[in-house]
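Written out below as structure tokens is the structure these notes cover.
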Amino acid sequence: MLDIHELVAKVEGKQILNGLNLSIKPGEVHAIMGPNGAGKSTLGNVLTGRAGYDVVSGDVTFNGKNLFELEVEERAREGVFLAFQYPVEIPGVSNMEFLKASVDARRKHLGLPELSSFDFMKLARECSQKVSLDPAFLKRGVNEGFSGGEKKRNEIMQMMLLEPRLCILDETDSGLDIDALQVVAAGVNAMRDSARSFIVVTHYQRLLDFIVPDYVHVLANGRIVRTGDKELAKELEAKGYGWLEKEGV
Amino acid sequence: MSARMTNSRQSIPAPMSAFQRHALMMAKQQSVAASHGHLLSSLREQGASEFERATWPGRKLEHWKYTSVQALQSNETAVWAAGSSASAECLATQLIPMHATRLVFVDGVLDAAASDTMPEGICLFSQADNLATDVIEANLGKVAGTVDPARRNLFASLNGAWTLDGLLIHVARNVVLEKPVYLVYVSTAQHNVVANLRTLVVLEQGASAQIIEHFLSSEHVSGNNGFVNTLTEIQLGPNAQLHHTRLNLEHEAAIHVGAVHVNLMRDAVLNGFTLSEGSQLKRIDYQLNHCGQGASLSFDGVYLARHDQQVDYHTCIEHRVPNCTSQQVFRGIVGNKAKAVFNGRIHIFEDAQKTLAEMSNRNLLTSNSAEIYTKPELEIYADDVKCAHGATISQLDETALYYLLSRGISPANARTMLSFGFINELLSSLTIEPLRVWLEAWLRNRFSEDRSLVSDIKPATDSGAEP
């Protein structure tokens with residue numbers, strides 16, 4: 001599904017990713033952990049095509065397509081989804097309008113008819129209940145006045161509505177209490193199937209108790225320096241990242 | 001510098017412009033016809049005298065530096081409207097559907113057939129009973145008359161000189177006017193027609209009201225350069241509360257010069273909202289005076305200008321006494337070759353301690369040929385106050401844009417949504433729900449039918465993006 005080969009990328013002139021390799025098959029969940037500044041968030045932004053995140057070399061293939069030949073919105077319509085670490089507040093634009101425009105764009109790309117307002121509203125209400133968000137929030141501005149937890153749940157709700165092929169969760173667990181964490185994890189787990197893959201970027205092993213990964217990677221200095229299964233996350237939790245320096249990676 | 005200029009001009013009066021001479025001639029034509037003139041005679045005489053002496057606007061006058069009155073100078077053949085009725089089509093398509101007392105004026109003359117019966121307290125000056133006459137005599141010209149003569153707008157003087165009739169809205173002590181008062185001012189497509197509108201609003205102690213002033217054009221005929229000159233004076237007694245909304249949505253050929261003057265007495269509350277589309281000449285002045293302690297006002301404004309339009313807002317909030325609050329938020333979008341001016345002044349008098357005043361002005365330019373002149377002015381003579389002001393001219397927020405794109409929304413659609421949202425955010429202060437819903441739909445339509453108000457400019461710093 002996703003093949004990242006020797007990816008080198010810069011942010012504001014500074015090289016952050018230094019030859020990253022990662023291969024993900026349909027249905028797999030890959031956790032990416034690592035110290036601050038390792039390039040975890042950069043990876044998500046490079047994959048979605050954010051301006052200012054410049055690819056220097058390397059290539060990424062997504063379902064057989066060269067990802068870097070696609071614009072931001074085209075990648076999204078192909079099924080790449082990033083749950084933001086810091087979801088953006090957009091007062092004046094209602095959640096409803098935002099979500100419908102997103103779903104319309106994805107459906108059009110898939111050759112499906114646009115949902116009527118009625119059908120969309122029904123779907124949006126169902127999804128909001130799954131992530132325990134009051135449906136009244138649909139009328140408010142995008143993320144306007146939302147708590148940190150509400151914003152993250154809104155991200156998961158968008159993921160449910162858009163039904164992407166590749167879901168990148170960028171520190172979705174940060175700032176969540178245990179209840180919100182469980183809501184978010186349940187949402188993610190409900191979406192796991194044999195065709196959908198996940199990249200779960202996190203600092204903490206805690207999230208991986210709820211979203212059990214197939215692989216755990218350690219990202220340091222812009223490269224994956226170790227790969228293991230879920231036990232690696234527990235090891236990291238116990239040992240921290242100090243050993244990276246000792247091993248000279 | 002401006003004071004010296006004013007003095008020198010007073011000592012050697014500049015010759016009147018052709019429009020000034022014509023406008024005074026028009027006032028004389030009216031006087032002959034006036035039958036209830038005694039009530040208005042001093043206002044008319046004083047207005048004419050001030051207007052005659054006023055310097056005609058030009059680039060050298062600070063308050064008219066960026067706005068051209070050329071459209072009026074070519075209007076020396078202006079005539080009074082005969083008065084007509086609004087077309088059924090205009091009423092059906094352009095009016096805001098809401099539960100309100102509706103009064104429709106066509107080219108400045110009441111269209112009784114299209115209007116509701118005036119409730120107690122509301123009347124034309126020409127139909128004033130003894131009580132109403134007393135209210136008019138006590139208040140007319142008194143609110144606007146408190147402006148520093150050096151800062152007075154000559155069109156306010158002209159409005160006085162031209163006032164033959166007017167509308168009084170008087171809300172008695174502790175009366176709550178449940179129904180909003182919806183004033184519709186229709187300009188017809190008649191060439192060179194002039195309308196002069198004078199409105200006096202008096203809320204006695206503890207009274208409460210909602211007033212909407214809605215200016216529109218009946219038909220979209222090019223070449224219509226009708227001129228509407230308005231002055232609304234509002235006196236808010238102690239503890240009075242007013243929601244005042246003013247919409248200037250006329251055809252872009254229209255010439256509109258208008259002013260709203262408000263005095264707030266002790267603990268009075270004003271919630272103001274204004275939205276204007278540009279035209280060949282549109283100039284609107286707000287003068288808001290805190291005259292009694294504990295008064296507070298919030299005041300939101302929007303201007304949208306495209307094509308060759310211009311729109312000019314001059315606002316002045318005077319804190320004359322202590323313990324008052326002002327919150328002002330203005331936003332504008334300017335596209336094509338249009339020009340917008342925002343001049344926001346807050347004047348805090350020496351005695352006005354414990355004042356809280358905030359003003360914000362944000363602008364989006366959607367074309368490299370569009371112009372915005374924004375000038376916040378804070379004059380503070382008291383030492384124990386909290387004041388803040390800010391003015392920005394910017395592009396759309398790149399992070400918000402990325403967020404929308406990352407959900408598959410096209411760049412064109414995303415930019416429309418964000419430009420619309422930039423304005424729509426301010427509509428949340430409108431408390432009359434049908435009004436807010438109507439205006440949001442109007443705004444949405446404006447943004448979807450014409451991309452000139454959508455910011456498609458990419459920031460200059462965006463060079464780092466991948467190819």
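The values are calculated or read from the model by the stated rules, or taken from the named source; none is laboratory data. Fair warning: this is a prediction, and the values are worked out from it, not measured in the lab. Note: ideal-geometry Cβ built from the backbone for every residue, glycine included; neighbour counts use all protein chains shown. Remember, those area values only see protein heavy atoms, side chains included, never the ligands or the DNA or RNA. Shrake-Rupley method; radii C 1.70, N 1.55, O 1.52, S 1.80 Å.
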Translational diffusion coefficient (Stokes-Einstein; Kirkwood radius from C-alpha pairs) of region B:45-117 at 25 °C, 0.890 mPa s, in µm²/s: 152
Portion, in percent, of the accessible area of region B:109-179 that falls on carbon or sulfur, probe 1.4 Å: 51
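Can you give the charge dipole size of region B:14-394 about its Cα centre, rounded to the nearest 20 debye, using +1 on the beta carbon of Lys and Arg and -1 on the beta carbon of Asp and Glu?
Magnitude of the dipole: close to 780 debye.
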Charge dipole of region A:150-190 about the Cα centre (unit charges at C-beta), most positive-ward option of A:Ser174, A:Ala185, A:Leu161: A:Leu161
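To check you understand DSSP bridge types, tell me what percent of the beta bridges within the protein assembly as shown (both residues inside) are antiparallel, rounded to 5.
Percentage antiparallel, nearest 5: 15.
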Relative contact order (percent, whole number), region B:14-394, Cα cutoff 8 Å, 6+ residue spacing: 11
Crossing angle, helix B:2-11 versus chain B [Cα axis fit, 0-90 degrees, rounded to tens]: 30
Pairs from B:Lys60/B:Lys354; A:Lys108/A:Lys151; B:Lys65/B:Lys386; A:Lys10/A:Lys239 whose Cα-Cα separation, in the structure shown, is over 32 Å: B:Lys60/B:Lys354
Taking N as its residue count, the alpha carbon Rg of region A:99-249 over 2.2 N^0.38 Å: 1.21
Set of lysines with alpha-carbon distance to A:Lys65 below 16 Å, sequence-local pairs under 8 removed: A:Lys25
Förster radius 56 Å - calculated FRET efficiency between B:Tyr373 and A:Asn36 (Cβ-Cβ, nearest 0.05): 0.80
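Placing unit charges on C-beta atoms (Lys and Arg positive, Asp and Glu negative, everything else neutral), compute the dipole magnitude of the protein assembly as shown about its Cα centre in debye, rounded to 20.
Numbers: 67 positive and 83 negative charges, 161 e Å.
Once rounded to the nearest 20, the dipole reads 780 debye.
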Farthest toward positive dipole pole in region B:14-394 [+1 Lys/Arg, -1 Asp/Glu at C-beta], among B:Ile136, B:His99, B:Thr67: B:Thr67
Interface burial for B against A (accessible surface, 1.4 Å probe, total of both chains, Å², rounded to 100): 2400
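If exposed means no more than 14 neighbouring beta carbons inside 10 Å and the site is in a DSSP loop, what's the longest run of chain A without any exposed GluC sites (Glu not before Pro)?
Counting only loop sites that pass the neighbour cut-off, the longest clear stretch is A:115-246.
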20 Å tail of the calculated P(r), region B:311-467, as % of Cα pairs: 60
For the protein assembly as shown: span of alpha carbons on each principal axis (Å, largest first): 98, 52, 50
Descending principal axes extents, region B:184-258, alpha-carbon based, whole Å: 46, 16, 13
Residue-by-residue Karplus 3J(HN,Hα) for region A:224-239, coefficients 6.51, -1.76, 1.60, Hz, glycine and proline x: 7, 9, 7, 9, x, 9, 4, 5, 4, 4, 5, 4, 5, 4, 6, 9
Magnitude of the charge dipole, chain A, Cβ model with Lys/Arg +1 and Asp/Glu -1, debye to 20: 180
Calculated from backbone phi, Karplus (6.51, -1.76, 1.60) coupling profile of region B:142-152 in Hz, x at Gly/Pro: 7, 6, 5, x, 8, 6, 3, x, 5, 9, 5
Helix B:18-33 axis, angle to chain B major axis (alpha carbon atoms, nearest 10°): 40
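Which of rounded, prolate or oblate describes region B:243-370 when judged by the alpha-carbon gyration tensor and an a/c cut-off of 1.5?
Because a/c hits 1.5 or more and a/b exceeds b/c, region B:243-370 counts as prolate.
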DSSP beta bridges in region B:14-394 [antiparallel fraction, %, rounded to 5]: 5
Reciprocal of mean inverse Cα separation for region B:382-458 (Kirkwood radius, Å): 14.5
Calculated SAXS-style log₁₀ I(q)/I(0) at q = 0.29, 0.34 Å⁻¹ - region A:24-66, Debye, Cα scatterers: -1.20, -1.20
³J(HN,Hα), Karplus 6.51/-1.76/1.60, whole Hz, each residue of region B:325-340, x for Gly, Pro: 10, 9, 10, 10, 10, 10, 9, x, 10, 10, x, 6, 10, 6, 9, 10
Relative packing of B:429-441, B:228-240, which averages over residues the other C-beta atoms within 10 Å, highest first: B:228-240, B:429-441
Amide H partners (placed H, <5 Å) of B:Leu167, local residues excluded: B:Phe125, B:Arg198, B:Thr199, B:Leu200
0 to 90° range, to nearest 10: angle between helix B:41-53 axis and chain B longest Cα axis: 50
Alpha-carbon Rg with Dmax, taken over region B:14-394, Å: 19.7, 58
Average other protein chain Cβ within 10 Å of Cβ, residues B:392-400: 2
